[in-house]
Amino acid sequence: MVIWRRYLPDGSLALFGIAIAIGPVIVGGELIAGRPVDAWPVVIAAGATVVLAIARLRRMMRLLESQTERLSQLADTDYVTGLANRRHLVDRLDKLLAVAQPEPTGFLLVGLARFSEINETLGTPTADAILHAVGVRLGELTGDGALVARMGSDTFGVLDPSITTGEEASRAAIHIREALERPLELPDLSVSVEARVGSLVLPEDGAEPAVALLRADVALSVAKGRSGHTASYGVDLEPGDMLAPVLIGELSQAIRAGLLVAYYQPQIEIATGRVYGVEALARWEHPRHGLLGPDAFIPAAEQAGLIGSLLQHILDSALLQCSRWRSEGLDLTVAVNLSARNLLDPGLVDDVWSALQHHGLPPGSLELEITEGTAMVDPRRSIHVLGALAQLGVKLSIDDYGTGHSSLAYLQQLPVNRLKIDRSFVTEMTVDAASAAIVRSTIELARVLQFDVVAEGVEDDATLVMLRDMDCYAAQGFVLGRPVAPPRLPDLIRRIEERLTGVLGTPTLSPARPGE
Ligand code: C2E
Ligand code: MG
Ligand code: MG
């Protein structure tokens, strides 16, 4: 039976073949027999052929249509949750915003907190089941006509035409967050997830799909940093939260106009009380919003692909400033922060080298700070690029150490000179024994592994004295000085060095430092 099927055409094809063959067979037979050809059977056979051909074509068309529909359904569906995928939601956004006067529609972006941890701890099948259950719950929460989509690994989007005002969108965001905190029942376990929700109303908060998506991302990022874990785009966002993407457009112009400046925060060698260097911290002197800190524009600059020009600008300003201070007799090193994208930029090493040459500075006068997370984006590439930077003679440090998940074994492979302990441990160390223990053990381990340790976020004298007793190499923080504009730095350094003699006692000789 199977063999029969394999070698013989299916029923309708056979019929089709017979219908085509009938005419020629009859005509041929009559010709061979020497009889006059009777045209009627031929006409009937040809007619039957046409009918069969049309039927066959229609059947093929229907098959094609249903296959195309199935394919586009697959292309628009997220295979884990069975929900619409990002493509589908973007299509819907396109259609919604394409008309002259779009109907107001709520757009919510829901992000699950620590989902990668869930994935690692419970395994992919369970994590997938959780995602599926989240999708189901979101479907239950949203009104008729709403579209729920999975936008990325741990992010869901909801387009809901029953939400028409910002207030309704905020209420819906809170409702969703609370509902996802109630346990999700899976076959063999019950879990609850923490959600962050950003909300906006279209077209008011975004009349174009790309802008709407970007602003939804902004609202979600802000929600992540808020205690209530929700944020609505627009009135709700302070300039300090993050700059409106509308202002991203101003950033490259601001860089060109010199409105992006570096402020400098001193770093001291604890044993001697000497200011040996400064960290350059980006500020935007915005004509309407005042002085903006990096949290307000670095994420936007990263998204808009401007982080490369921002680094170029800060690097250039910092090295120019450093060479000016050196010519005035202030022998300082300057530290500049790198984003993950900077580290992935193939031109980074050449750019750093040219900037140093341009300002006539020795490579050791520059320190580049990367976070553990930055180095982990592409570990192999990071090792390669950091190796090349270290070969130039540039100093490298791990910023915000302790907040990432990288192992010291990995960090040891990097040609890094310093660990900057994150301020969350340092500010608490005089009142919290666990933080003090973390700082102490980091300093001890770092000594064995030949890293210098810089404590960030030192806010009082008691912390400074405790760090000195732990033999910490260096400190940075508000007790020494806040970041200042360049003209104020020489005076700040003089005051710090005078004051520290009182706090830390007579300067002692600096202990021999690893790597020197
Ligand atoms: P970071 O590199 O860890 O920089 C130190 C941040 O801690 C600075 O905040 C500084 O003002 C703050 N800080 C210093 N001492 C204290 C203290 O005693 N207590 C407290 N509570 N805070 C203190 P800022 O300037 O807001 O910078 C925040 C982050 O923005 C920086 O963290 C850095 O990661 C990033 N950043 C700054 N400038 C740039 C830049 O030019 N490029 C890139 N990619 N990132 C930058
Ligand atoms: Mg830093
Ligand atoms: Mg830091």
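For this structure, a couple of remarks:
- In the range 369-386, residue nearest to ligand 2 (Cβ to nearest atom) [restricted to those that are within 16 Å of residue 346 (Cα to Cα) and open to solvent by 20 Å² or more (accessible area, probe 1.4 Å)]: 377
- In the range 440-459, the residue that is most open to solvent (accessible area, probe 1.4 Å) out of those that are closer than 17 Å to residue 404 by Cβ and either modelled with pLDDT under 95 or away from ligand 3 (no atom under 16 Å from the Cβ) (or both) is 445.
- Filter pass, residue 347 being surrounded by fewer than 18 Cβ atoms within 10 Å (Cβ to Cβ), away from ligand 2 (no atom under 16 Å from the Cβ) and on the phi > 0 side of the Ramachandran plot: no
- Matching option when the condition is in contact with a helix residue (DSSP H, G or I) (Cβ under 8 Å, 6 or more places away or on another chain) and assigned to a helix (DSSP H, G or I), among 87, 92: 87
- Extreme residue, modelled with the lowest pLDDT, among residues of the range 191-237 that are in a strand (DSSP E or B) and under 30 Å from residue 126 (Cβ atoms): 191
- Of the residues making up the range 165-185, those that are assigned to a helix (DSSP H, G or I), touching a residue at least 24 places away in the same chain (Cβ under 8 Å) and under 16 Å from residue 130 (Cα atoms) number 4.
- Within the range 376-392, not a single residue is of a type in the set (S, T, N, Q), out of contact with any Pro (no Cβ under 8 Å at 6 or more places or on another chain) and within 12 Å of ligand 1 (Cβ to nearest atom).
- Set 128, 144: member being modelled with pLDDT under 95 and not in a helix (DSSP H, G or I): 144
- Qualifying residue in the range 320-340 (condition: of a type outside the set (Phe, Trp, Tyr), at pLDDT below 95 and within 14 Å of ligand 1 (Cβ to nearest atom)): yes
- Residue 310 vs. criteria out of contact with any Cys (no Cβ under 7 Å at 6 or more places or on another chain), within 13 Å of ligand 1 (Cβ to nearest atom), open to solvent by less than 70 Å² (accessible area, probe 1.4 Å) and over 20 Å from residue 393 (Cα atoms): yes
- Of the residues 293, 277, 305, the single one that is surrounded by fewer than 19 Cβ atoms within 10 Å (Cβ to Cβ) and within 16 Å of ligand 3 (Cβ to nearest atom) is 293.
- Residue in the range 371-391 that is small (Gly, Ala, Ser) and within 13 Å of ligand 3 (Cβ to nearest atom) present: yes
- Scanning the range 25-38 finds no residues that are part of a loop (DSSP other than H, G, I, E, B), within 30 Å of residue 156 (Cβ to Cβ) and either at pLDDT 75 or above or in contact with a strand residue (DSSP E or B) (Cβ under 6 Å, 6 or more places away or on another chain) (or both).
- Under the condition of being open to solvent by 10 Å² or more (accessible area, probe 1.4 Å) and free of Cβ contacts under 8 Å to residues at least 40 places away in the same chain, the residues counted in the range 332-343 number 3.
- Annotation for the range 314-330: no member residue is touching a helix residue (DSSP H, G or I) at 6+ places or on another chain (Cβ under 8 Å) and β-branched (Val, Ile, Thr).
- Residue in the range 247-264 that is assigned by TED's automatic domain parsing to the domain that holds residue 482, open to solvent by less than 30 Å² (accessible area, probe 1.4 Å), within 16 Å of ligand 3 (Cβ to nearest atom) and modelled with pLDDT of 70 or more present: yes
- All of 366, 344, 291, 281 fail the test of being aliphatic (A, V, I, L, M), touching a helix residue (DSSP H, G or I) at 6+ places or on another chain (Cβ under 9 Å), outside the structural domain of residue 219 (by TED's automatic domain parsing) and at pLDDT below 95, apart from 344.
The values are calculated or read from the model by the stated rules, or taken from the named source; none is laboratory data. Fair warning: this is a prediction, and the values are worked out from it, not measured in the lab. Reconstructed Cβ throughout: ideal geometry from the backbone, glycine too, with neighbour counts over all protein chains shown. The area values use the complete protein model at the heavy-atom level, side chains included, leaving out ligands, DNA and RNA. Shrake-Rupley method; radii C 1.70, N 1.55, O 1.52, S 1.80 Å.
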